[in-house]
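Enquirer: Take this structure first; my questions come after.
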Amino acid sequence: MTTVLLPGTLCDATLWRGVAAPRGVRTAPVVRGSTLTDAAARAVAGAAGSLHVVGFSLGALVAFEVLRRWPGRVGRLTLISASPLPPTPAQLDTWAAQRRATEAGDFGEVVARISAASGAHAGTVAAMAHRVGAAAFLEQLALLRSRPDSRADLGAYGGPLTLLVGAHDTVTPPALTHAMAALAPHADVRVVPGAGHYLPLDAPTAVSDALGGPAHA
């Protein structure tokens, strides 16, 4: 089974630098695509056979799209700091403001605000964001705006499923992960103490353990 790592908004492969991934892992450097279907196709391009799809935040939205488009290929699913919900009006407003600022040439200010919210990892998050760049960020904002309600897809998935969230995540809080688990009672739910939204940076060992250990089927 090939493990595919999908990073989040304004993240690159640095997100996983402390995570001990299984042998043969494929890491998507940046989530890009004109649509979620395009992003999902790019994510699995060239990967043969059964997949263990691992998605963080925006990467989890792409993982849901892989599950929708090619359900027979998803042999295992790991969702980190994830939400299956469609956008809220408040989120749409925030993303619209970020789009306008980025298009106006203020990408650096947008990055500064986003990275400041990541606490101890602000420098790492800012550095990733600047490598990802404004053009890719605009694509990612469009992907976020277009995301559908994925709860039915999650509930229909009967394969091995792991749900990870930081106990102090305020973006995709533990209550949301427990709501996902209610849709998929077979899920292995792991709430990581002391960690926030950027779980692979906050607690790489916990992520490593989840990727290497067995998941409930």
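The values are calculated or read from the model by the stated rules, or taken from the named source; none is laboratory data. Since we're looking at a predicted model, the values are computed, not measured. Cβ coordinates were reconstructed from backbone atoms using ideal geometry, including for glycine residues, and neighbour counts include every protein chain displayed. In case anyone asks, the SASA skips ligands and DNA or RNA and just uses the protein heavy atoms, side chains included. Shrake-Rupley method; radii C 1.70, N 1.55, O 1.52, S 1.80 Å.
Enquirer: For segment 1-58, state which trypsin sites (Lys or Arg not before Pro) are in a DSSP loop and have at most 13 other beta carbons lying within 10 Å of their beta carbon.
Expert: In loop regions of segment 1-58 (DSSP not H, G, I, E or B), the sparsely surrounded trypsin sites (Lys or Arg not before Pro) are R17, R23.
Enquirer: Same structure again: Pick from L183, L61, L161 the residue whose mean-square fluctuation is largest in a GNM of the chain, springs joining Cα atoms under 10 Å.
Expert: Ranking L183, L61, L161 by mean-square fluctuation puts L183 first.
Enquirer: Tell me, what % of the accessible area of segment 1-76 is carbon and sulfur with a 1.4 angstrom probe?
Expert: Solvent-exposed carbon and sulfur of segment 1-76 make up 52 percent of the total.
Enquirer: For segment 44-165, what size does the Cα cloud have along each of its three principal axes, sorted from largest down, in whole Å?
Expert: Result for segment 44-165: principal-axis Cα extents of 43, 29, 28 Å.
Enquirer: Take the solvent-accessible surface of the protein heavy atoms, probe 1.4 Å, and return the percent of it on segment 164-203 that carbon and sulfur atoms account for.
Expert: C and S atoms contribute 64 percent here.
Enquirer: Over the chain, with a Gaussian network built from C-alpha contacts below 10 Å, which listed residue (T27, T88, T14) shows the highest mean-square fluctuation?
Expert: With Cα springs under 10 Å in the chain, the top fluctuation among T27, T88, T14 is at T88.
Enquirer: Another question, if that's okay. In nanometres, what is the gap between the two model label sites at A96 and A181, each 7 Å from Cα along Cα-to-Cβ?
Expert: So the label points at A96 and A181 sit 3.6 nm apart.
Enquirer: How far is helix 107-116 tilted, in degrees, relative to the longest principal axis of the Cα atoms in the chain, given as a value from 0 to 90 rounded to the nearest 10?
Expert: That works out to roughly 50 degrees.
Enquirer: Give me the percent relative contact order of segment 84-195, please, defined on Cα pairs under 8 angstrom at least 6 residues apart.
Expert: So the answer I get is 26 percent.
Enquirer: Given an 8 Å cut-off on Cα distances and at least 6 residues of separation, report the relative contact order of segment 1-77 as a percent.
Expert: Rounded, it is 39 percent for segment 1-77.
Enquirer: Could I ask something else about it? Mind checking the per residue accessible area of the chain for me, 1.4 Å probe, whole number of Å²?
Expert: Roughly 41 Å² per residue, with all protein chains present.
Enquirer: Identify which of D169, D188, D106 has the largest mean-square fluctuation in a Gaussian network model of the chain, with springs joining Cα atoms closer than 10 Å.
Expert: Top of the fluctuation ranking is D106.
Enquirer: Hey, got the dipole for the chain? About the Cα centre, +1 on K and R Cβ, -1 on D and E Cβ, debye to the nearest 20?
Expert: For the chain, the charge dipole is close to 460 debye.
Enquirer: How many angstrom separate the Cα center of segment 11-46 from the Cα center of segment 152-208?
Expert: 19 Å
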